[in-house]
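Enquirer: Handing you this structure, nothing more for now.
The values are calculated or read from the model by the stated rules, or taken from the named source; none is laboratory data. Since the model is a prediction, treat every value here as computed from it, not as a measurement. Cβ placement follows ideal geometry from the backbone for every residue including glycine, while neighbour counts extend to all protein chains displayed. Ligands, DNA and RNA are excluded from the accessible area calculation, which covers all protein heavy atoms including side chains. Shrake-Rupley method; radii C 1.70, N 1.55, O 1.52, S 1.80 Å.
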Amino acid sequence: MTDTIITVQGRFSSFYPPERATVQLSVGFQGPIREPVFAETVTASSTVRSLLAQQHAPATGPITWWSSDSIQVWSTRPWSQDGAQLPPVFHSRIGFNVKFNDFAVMAEWIEKVAVLDGLTVGAITWALTEARKTAVIAEVRSRAVKDAVAKASVYAQSIGLGSVRAVALADPGMLGDQVGASAGGAPHPMARMMATGSAPELSLTPEDIEVDAVVDARFLAS
């Protein structure tokens, strides 16, 4: 009896509590004269750097890492309601990214810096540590393969066949028959991570990280 080929796609996803949070913030001013605008931004950014240094400890936290951009200075020429071009307005800005491993301290730190003149707190991105991310991706990939085996076994049993034997495993779309293609035609990533909800926004409530995996598999059943 000829073996029957069964090709399936296995999937698995799970949610994990975040271990890190990266806060985006910026310091910026604007005004009719370039020099004071520049000076205000430098002064305010120095205050932010001082507050960062007080709690920055790469090994223990609560701030494990931070970075800042170079200062940006530019001008715009606004228009009046009557269509006349007004004198230039000068702008300056410095952006910061700050990573925390203690979310309670992060909330307190944001409250402290949010009152500074010229400071804007942007999005918060939730994430796992690199070590944890590697472990959970391996876990969900393994579970995705098990899902493929279970699915193929059900298909085989439904047509009166016995056990199945894997002959190929691949990332989506790599078996050459577009099995792994999504409805839109693009292959689903083998493993991805994302915070629950929509695009990152300022929320001090930790958002679980969804990690999912997809695998294409081909089996023989007899």
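Enquirer: If you go through the stretch 104-132 one residue at a time, how many are open to solvent by 60 Å² or more (accessible area, probe 1.4 Å), closer than 24 Å to PRO62 by Cβ and touching a strand residue (DSSP E or B) at 6+ places or on another chain (Cβ under 9 Å)?
Expert: At the first step, the residues of the stretch 104-132 found to be open to solvent by 60 Å² or more (accessible area, probe 1.4 Å) are 104, 108, 111-112, 115, 117, 120, 130-132.
Adding the requirement that they be closer than 24 Å to PRO62 by Cβ leaves 104, 108, 111-112, 115, 120, 130-132.
When the remaining residues are screened for being touching a strand residue (DSSP E or B) at 6+ places or on another chain (Cβ under 9 Å), the result is 120, 132.
Of the residues in the stretch 104-132, 2 are open to solvent by 60 Å² or more (accessible area, probe 1.4 Å), closer than 24 Å to PRO62 by Cβ and touching a strand residue (DSSP E or B) at 6+ places or on another chain (Cβ under 9 Å).
Enquirer: Kindly provide the set of residues from the stretch 1-57 that are open to solvent by 70 Å² or more (accessible area, probe 1.4 Å) and in a strand (DSSP E or B), ordered by number.
Expert: Correct list: ILE5, ARG11, PHE15, GLN24, GLN30, HIS56.
Enquirer: For the stretch 129-165, give me the residue count where each residue is at pLDDT 95 or above and in contact with a helix residue (DSSP H, G or I) (Cβ under 9 Å, 6 or more places away or on another chain).
Expert: So the count comes out to 0.
Enquirer: Would you list the strands (runs of 3 or more DSSP E) that sit entirely within the stretch 58-108 and hold 1 or more residues that are under 30 Å from THR129 (Cα atoms) and among the β-branched types (Val, Ile, Thr)? Step through it out loud before you land on a result.
Expert: Details: elements: 63-68, 72-76, 89-100.
Answer list for the stretch 58-108: 63-68, 89-100.
Enquirer: Could you tell me whether ILE63 is in contact with a Lys or Arg (Cβ under 8 Å, 6 or more places away or on another chain), open to solvent by 50 Å² or more (accessible area, probe 1.4 Å) and more than 30 Å from ARG143 (Cα to Cα)? Can you show your working first?
Expert: Numbers: in contact with a Lys or Arg (Cβ under 8 Å, 6 or more places away or on another chain): yes; open to solvent by 50 Å² or more (accessible area, probe 1.4 Å): no; more than 30 Å from ARG143 (Cα to Cα): yes.
Taking the combined requirement at face value, the residue does not satisfy it.
Residue-wise test of (1) surrounded by 16 or more Cβ atoms within 10 Å (Cβ to Cβ); (2) touching a Cys at 6+ places or on another chain (Cβ under 8 Å); (3) within 30 Å of ILE6 (Cα to Cα); (4) at pLDDT below 95.
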{"residue": "VAL98", "(1), (2), (3), (4)": "yes, no, no, no"}
{"residue": "ASP102", "(1), (2), (3), (4)": "yes, no, no, no"}
{"residue": "ASP171", "(1), (2), (3), (4)": "yes, no, yes, yes"}
{"residue": "GLY180", "(1), (2), (3), (4)": "yes, no, yes, yes"}
{"residue": "ALA183", "(1), (2), (3), (4)": "no, no, yes, yes"}
